[in-house]
Every structure is written in C-alpha cells, then in structure tokens.
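Enquirer: I have a structure here, written as structure tokens, and I will follow up with some questions on it.
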Amino acid sequence: ELLRLACSEPCGLRGALLDLCVEHGKVCHDVGHIAADPAVVPTFQLTLVLRLDSRLWPKIQGLFASGPAFAPLKLSTGFRVMKKKLYSSEQLLIEEC
C-alpha cells in the first residue's frame, strides 16, 4: 500500500517521511518516525496507523509508559494509512485496509 501511494510522487518512496502509530480505540500512540532516504528532501508524509488486537490492550498498556519495556504485540490485520503532500495544498488522503 505504501509503495502504491508513493508511485505518483516525484522521488517515489525515497521522498517519504513515515510516521508509525499504534491505535487502540480513539487513542493513537506515536511509535516512531522514519525518513525513507535522509539525503532526499521529503515531498510527502505517510502516517501508518496499526491497530492492536483489542483483546490484548490491558496486558500491554504499560508499553506506552515511560521506561524501556519490550514484549511482543499482536496487531489486528486492519490498518489505516494517511498521505499528506508536503509541496501541495491538496487534501489529506486516507485509505483504510
């Protein structure tokens, strides 16, 4: 899906800023940010929102507290990706999968 959204961009996926979030209910937790190619000026931003398996939320809630905590997460198969062009005033594109 990310490659498909990048194909119409001037630098392709190399021009992407990728934000990764994990969503549970109406709360979205920021996990990290990646510049696909730090040597390329970003032309668009992709926000990938992964969904946790809702049955596990109470068990992993501590992962988003301060301090290091590493445990496997079970993600739902559904996700949402939002694309925002950084060089244009076009509307935000949201795709649900």
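Enquirer: What number of residues within region 15-52 satisfy the criterion of being over 14 Å from the mean Cα position of the chain (by Cα) and buried (at least 17 other Cβ atoms within 10 Å of the Cβ)?
Expert: Going through region 15-52 one residue at a time, the tally reaches 3.
Enquirer: Of the numbered conditions (1) modelled with pLDDT under 90; (2) in contact with a Cys (Cβ under 9 Å, 6 or more places away or on another chain); (3) open to solvent by 80 Å² or more (accessible area, probe 1.4 Å), Arg55 fails exactly one; give the number of that condition.
Expert: Every listed condition holds for Arg55 apart from (2).
Enquirer: Report yes if some residue within region 17-38 is modelled with pLDDT under 90, acidic (Asp, Glu) and in a strand (DSSP E or B); otherwise report no.
Expert: yes
The values are calculated or read from the model by the stated rules, or taken from the named source; none is laboratory data. Bear in mind the structure is a predicted one, so any value in this text is a computation, not a measurement. Methodologically, a virtual Cβ is constructed for each residue, glycine included, from the backbone with ideal geometry; neighbour enumeration extends over all protein chains shown. In case anyone asks, the SASA skips ligands and DNA or RNA and just uses the protein heavy atoms, side chains included. Shrake-Rupley method; radii C 1.70, N 1.55, O 1.52, S 1.80 Å.
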